[in-house]
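Engineer: This is the structure I want to talk about, given as structure tokens.
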């Protein structure tokens, strides 16, 4: 039973990381407004996903799973986000939750380097198909 639960949790985590949304709220560098992004990514190695971001910033995305812990349906997760987008490139650290029963992911964090350094951001994703590891999300 625990083995199935762990597999489901890991499948849901991978699925969440395929498609979602991120909304950095500009608080650094005097930007004074929010940026809306969507992202699409897929696993390329254990704990590493690559893809693209689009919206107010377009570029390459790499995310790295830093930690995952907890038991039951809600797991605590931590990711590093690396966006390569020329002058708008940034790195952010994000933590939040993955609900393995509903597929919902909510994360928040801070831009730790690059464009909008010091800004806060919110991210929401939703697993829509465990079998294909597809998820979708919107920024808010």
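Engineer: Say whether the condition of being in contact with a helix residue (DSSP H, G or I) (Cβ under 7 Å, 6 or more places away or on another chain), in contact (Cβ under 8 Å) with a residue 40 or more places away in the chain and under 17 Å from residue 124 (Cβ atoms) is met by at least one residue in the stretch 63-73. Talk me through it step by step, then tell me what you get.
Structural biologist: Initially, the stretch 63-73 is screened for residues in contact with a helix residue (DSSP H, G or I) (Cβ under 7 Å, 6 or more places away or on another chain), giving 68.
Filter once more, keeping what is in contact (Cβ under 8 Å) with a residue 40 or more places away in the chain: 68.
Retained after the next criterion (residues that are under 17 Å from residue 124 (Cβ atoms)): none.
Among the residues of the stretch 63-73, not one is in contact with a helix residue (DSSP H, G or I) (Cβ under 7 Å, 6 or more places away or on another chain), in contact (Cβ under 8 Å) with a residue 40 or more places away in the chain and under 17 Å from residue 124 (Cβ atoms), which makes the answer no.
Engineer: Something else about it: May I ask you to verify whether residue 44 is modelled with pLDDT of 50 or more, within 12 Å of the chain's Cα centre (by Cα) and exposed (fewer than 15 other Cβ atoms within 10 Å of the Cβ)?
Structural biologist: In short, no.
Engineer: Output the residue which, of all residues in the stretch 57-73 that are modelled with pLDDT of 90 or more and loosely packed, with under 15 Cβ neighbours inside 10 Å, is nearest to the chain's Cα centre (by Cα).
Structural biologist: Looking at residues that are modelled with pLDDT of 90 or more and loosely packed, with under 15 Cβ neighbours inside 10 Å, I get 64.
Engineer: Here is a check on your reading of the model: is residue 135 crowded, with 19+ Cβ neighbours inside 10 Å, farther than 17 Å from residue 43 by Cα, within 14 Å of the chain's Cα centre (by Cα) and at pLDDT below 85?
Structural biologist: Taking the combined requirement at face value, the residue does not satisfy it.
Engineer: Do we have any residue at all in the stretch 106-121 that's touching a helix residue (DSSP H, G or I) at 6+ places or on another chain (Cβ under 6 Å) and either surrounded by fewer than 17 Cβ atoms within 10 Å (Cβ to Cβ) or modelled with pLDDT under 85 (or both)?
Structural biologist: No: zero hits.
Engineer: Next up: Pull up the stretch 75-93, narrow it to residues that are more than 22 Å from residue 117 (Cβ to Cβ) and surrounded by 15 or more Cβ atoms within 10 Å (Cβ to Cβ), then point me to the one that is nearest to the chain's Cα centre (by Cα). Working first, answer last.
Structural biologist: Of the stretch 75-93, the ones more than 22 Å from residue 117 (Cβ to Cβ) are 75-77.
Okay, now just the ones that are also surrounded by 15 or more Cβ atoms within 10 Å (Cβ to Cβ), so 75, 77.
Numbers: 75: 14, 77: 10 Å.
Selected residue: 77.
The values are calculated or read from the model by the stated rules, or taken from the named source; none is laboratory data. Please read these numbers as outputs of a predicted model, since none were measured by experiment. In this analysis, Cβ positions are derived from the backbone assuming ideal geometry, glycine residues included, and neighbour counts consider all displayed protein chains.
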